[in-house]
Amino acid sequence: DEFQQGGYARHIDAGYYSNVVPFKTVLFTYPYYLPRLWFDRARPILLAQRAETVVIVIGTLLVQYAVSRRLGRTRTEAGFVAGITLSFSTFFEHAGALRAEPAALLLAMLALLAVVAAARAPQSRGSLFAAGLALGGSFLCTQKAVWFCVSIGVATLFASWIQLRSHVNHEKRELV
């Protein structure tokens, strides 16, 4: 599976959607194309692609830390959250393997960071637009990201509804 996932990058030159019709979303393969430009043998290409995956996973943990900090957690608490994430065997198992999920997770966490930033500054529409782009990119990495896209969408709508209700209730109190 890992060799197949890493090998998708070789189809980029052939034209994914013009000559090759992929059976799944393939955005995650574009970062894995770079080692193909640098190396000409399978082993160094695969090792470089694995190193890229590790960098993506570290980036995900850093964004997760940033989300925790934005939500008001201390440095220790935010570090503890990242540590708990590393303790999940499935997360750690995929941390160095070529798969679509690490790239999708990084984009999803960036979307979550943008939504949290938008909640802190409701007048900023750019954060929500960035969150939408990141969620779209996450979905284009793997269709499994649809669950995160739906959950963050429902959570954002619910939070907006709560904020609107509290605003309306506050105005009613002022009128009385």
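Of (i) 38, 20, 12; (ii) 27, 17, 14; (iii) 38, 20, 17, which is the value of semi-axes √(5λ) of the Cα gyration tensor in Å derived from the coordinates here?
Structure-derived value, by its label: (i).
Just want the answer: with Cβ charges of +1 for Lys and Arg and -1 for Asp and Glu, which residue in Ala114, Val54, Gln163 is farthest toward the dipole's positive end in the chain?
Gln163
Please compute the per residue accessible area over the chain with all protein chains in place, 1.4 Å probe, rounded to a whole number of Å².
Ligands and nucleic acids excluded, the result is 63 Å² per residue.
Grab the Cα-Cα distance for Thr156 and Ala42, subtract it from 0.36 nm times how many residues apart they are, and report the gain in nm with one decimal.
So the extension gain works out to 36.7 nm.
Taking square-rooted eigenvalues a ≥ b ≥ c of the alpha carbon gyration tensor, is the range 43-134 rounded, prolate or oblate, where a/c under 1.5 means rounded and, failing that, a/b exceeding b/c means prolate?
oblate
For the chain, modelled as a GNM with alpha-carbon contacts under 10 angstrom, which of Thr76, Thr156, Thr60 fluctuates the most?
Per the Cα network of the chain with a 10 Å cutoff, Thr76 tops the list.
How would Asp13, Asp40 line up by accessible area, probe 1.4 Å, largest first?
The ordering from most to least exposed comes out as Asp40, Asp13.
Testing the spin-label approximation: label points 7 Å from Cα along Cα→Cβ at Ala51 and Val168. State their distance in nm.
5.7 nm
Tell me the mean residue ellipticity at 222 nm calculated for the chain from its helices only (DSSP H runs of n ≥ 4, each -39500 (n - 2.57), averaged over every residue, nearest 500).
-23500 deg cm²/dmol
Among Ala114, Ala159, Ala97, whose mean-square fluctuation peaks in a Gaussian network model of the chain (Cα, cutoff 10 Å)?
With Cα springs under 10 Å in the chain, the top fluctuation among Ala114, Ala159, Ala97 is at Ala159.
Take the chain, connect every pair of alpha-carbon atoms lying under 10 Å apart with a spring to form a Gaussian network, then pick out the residue of Arg165, Arg99, Arg69 with the largest mean-square fluctuation.
Maximum among the listed residues: Arg165.
With each label point set 7 Å from Cα along the Cα-Cβ vector, what nm distance links Trp147 and Thr76?
Rounded to a tenth, the inter-label distance reads 3.4 nm.
Can you list the DSSP H helices in the chain whose Cα atoms extend at least 27 Å along the helix axis and whose mean Kyte-Doolittle hydropathy is 0.5 or higher?
Those that pass (Cα extent of 27 Å or more, hydropathy at least 0.5) are 42-70, 101-120.
Computing the accessible area with a 1.4 Å probe over protein heavy atoms, can you report the carbon and sulfur percentage for the chain?
The value for the chain is 66 percent carbon and sulfur by accessible area.
The values are calculated or read from the model by the stated rules, or taken from the named source; none is laboratory data. Treat the numbers as computed from the prediction; the structure is a model and nothing was measured. Please note: Cβ atoms are built from the backbone with ideal geometry, for glycine as well, and neighbour counts cover all protein chains shown. To get the accessible areas, we keep the full protein, side chains included, count just its heavy atoms, and leave off ligands, DNA and RNA. Shrake-Rupley method; radii C 1.70, N 1.55, O 1.52, S 1.80 Å.
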